[in-house]
């Protein structure tokens, strides 16, 4: 049981899990903003141009069951907005990551070659490590 708790603690405290948790919370908050945008701004605009309300419903027979087409269309619009925003965010993150990699590569390429003394000391260090391992 101790080992299980230790493994869980290591998993839960990894940076990726914490980042994911923050992402889920921000995503939930952002979702409500997108829903408000769709319901309060986009749907009325679509209704004005389309001549029909986006709150279309179909009643099935005498059962009183309703198919709410408008809610489905609103959900699709919400999804498309969320997908576009996530795409743009990921594209920006990837672009920044590429720039960082290019800067690191340029810094590595600009690093001066070690002097002969440093090369000699490095080879001596390697030989001493080999001798210590044999003991």
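Bear in mind that the values in this text are calculations on the coordinates, not laboratory data. Model, not experiment: these values are computed from the prediction. Positions of Cβ are backbone-derived with ideal geometry, glycine not excepted, and every protein chain shown enters the neighbour counts.
Expressed as a whole number of Å, what is the distance separating the alpha-carbon centroids of segment 113-128 and segment 59-90?
First find each Cα centre; the distance between them is then 66 Å.
Kindly state, to the nearest 0.05, the FRET efficiency for residue 134 paired with residue 113, given R0 = 35 Å and r defined as their beta-carbon distance.
Between residue 134 and residue 113 the formula returns 0.65.
Which whole-number percentage describes the relative contact order of the chain, with Cα contacts under 8 Å and a sequence gap of 6 or more?
Normalised by residue count, the contact order of the chain is 13 percent.
Looking at the square roots a ≥ b ≥ c of the eigenvalues of the Cα gyration tensor of segment 7-129, which shape do they give, rounded for a/c under 1.5, prolate if a/b is larger than b/c, or oblate? Numbers along the way, then the final one.
Values: a/c = 5.74, a/b = 2.89, b/c = 1.98.
Note, shape of segment 7-129 comes out prolate.
What angle do you read, to the nearest 10 degrees and between 0 and 90, between the alpha-carbon axis of helix 69-110 and the longest principal axis of the chain?
The two axes meet at around 20 degrees.
State, to one decimal in nm, how far the label point of residue 48 lies from the label point of residue 71, with both points 7 Å from Cα in the Cβ direction.
Label-label distance for residue 48 and residue 71, simple model: 2.7 nm.
For the chain, find the longest principal axis of its Cα atoms and tell me its angle to the long axis of helix 15-37, 0 to 90°, nearest 10.
Compared with the principal axis, the helix lies near 20 degrees.
Helix 116-134 versus the longest principal axis of the chain: what is the Cα-based angle in degrees, 0 to 90, to the nearest 10?
Helix 116-134 sits roughly 90 degrees off the main axis of the chain.
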